[in-house]
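J.: Would you mind keeping the following structure in view while I ask a few things?
Every number here is computed from the coordinates shown, using simple stated rules; none is lab data. Keep in mind it's a predicted model, so treat the numbers as computed, not measured. Every residue, glycine among them, receives a Cβ derived from its backbone with ideal geometry; neighbour counts consider all protein chains shown.
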Amino acid sequence: MTAIDQVINAEYIPTDKPEEPIDKEGDNSMLTKMKKFDPAVNKRLLIALSGITWSVVGIILCNLAIGWLLQTAARNRIWLGAAGIILALLIHHFGFLRLVDRNIDRIQSQKDKVCVFAFQAWKSYLIVVIMVGIGITLRHSSLPKPYLSVVYIGFGGAMILSSLRYFRVFAMHKKL
């Protein structure tokens, strides 16, 4: 009898090792093991984390801008700072509020536990990468920093203002 014939005619001998549970898709253990590492949080906490993230990024941008403004004359500082604040109000009202409302609606429509990275839609992460790239490019460009501070105050201030919506929803809804 050849080795191939032995394999074909061999009897099944059970081992003492218990079988791993089979999940819904019939996949043996990979999906089950991956679910252990799913960074899921409840929806209310995700809304708070979203507000914190938006606030921290906004503070970082404003901090950079203020540092650049402090290098200018006092008169220019006031005008450039005021222009940045006006830009922040416009970006907040006409851009970020709609985005925040969509994010909150999407989070609230999810099941009980939500992935911690789901505070914005996956498509929005591409926009974030593009905006970070533009910000780095502008920061290292030859544009005068005091003028660039207007844009940084605009976006940073808008992010801080928009984060307040997340905090309001967090405070108003004790159970999501």
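J.: Remind me, relative contact order of the stretch 40-172 in percent, using alpha carbon pairs under 8 angstrom and six or more residues apart? Please report the intermediate quantities before stating the final value.
T.: Values: 156 pairs, mean separation 75.5, N = 133.
Rounded, it is 57 percent for the stretch 40-172.
J.: Another question about this same structure. Dividing the convex hull volume of the alpha carbon atoms of the stretch 54-112 by its residue count, what do you get in Å³ per residue?
T.: Convex hull of Cα atoms, per residue: 65 Å³.
J.: Each residue of the stretch 120-135 in turn: what ³J(HN,Hα) in whole Hz from Karplus with 6.51, -1.76, 1.60 and θ = phi - 60°, glycine and Pro shown as x?
T.: Result, ordered by residue: 9, 5, 4, 5, 5, 5, 5, 5, 4, 4, 5, 5, 5, x, 5, x Hz.
J.: Starting at the first residue of the stretch 78-88, write each ³J(HN,Hα) from the Karplus equation 6.51 cos²θ - 1.76 cosθ + 1.60 with θ = phi - 60°, in whole Hz, x for Gly and Pro.
T.: So the J values, rounded to whole Hz, are 5, 5, 5, x, 5, 4, x, 5, 4, 4, 4.
J.: How much length would be gained if the chain were fully extended between residue 140 and residue 42, taking 0.36 nm per residue of separation minus their Cα-Cα distance, in nm to one decimal?
T.: Taking 0.36 nm per residue and subtracting the Cα distance, the gain is 31.3 nm.
J.: Further, regarding this structure: Could you give each residue of the stretch 66-74 its phi-based ³J(HN,Hα) in whole Hz, using Karplus coefficients 6.51, -1.76, 1.60 with θ = phi - 60°, and x for Gly or Pro?
T.: 5, x, 6, 5, 5, 8, 10, 5, 4
J.: Given a Förster radius of 30 Å and the C-beta distance between residue 78 and residue 112 as r, what FRET efficiency does 1/(1 + (r/R0)^6) yield to the nearest 0.05?
T.: 0.05
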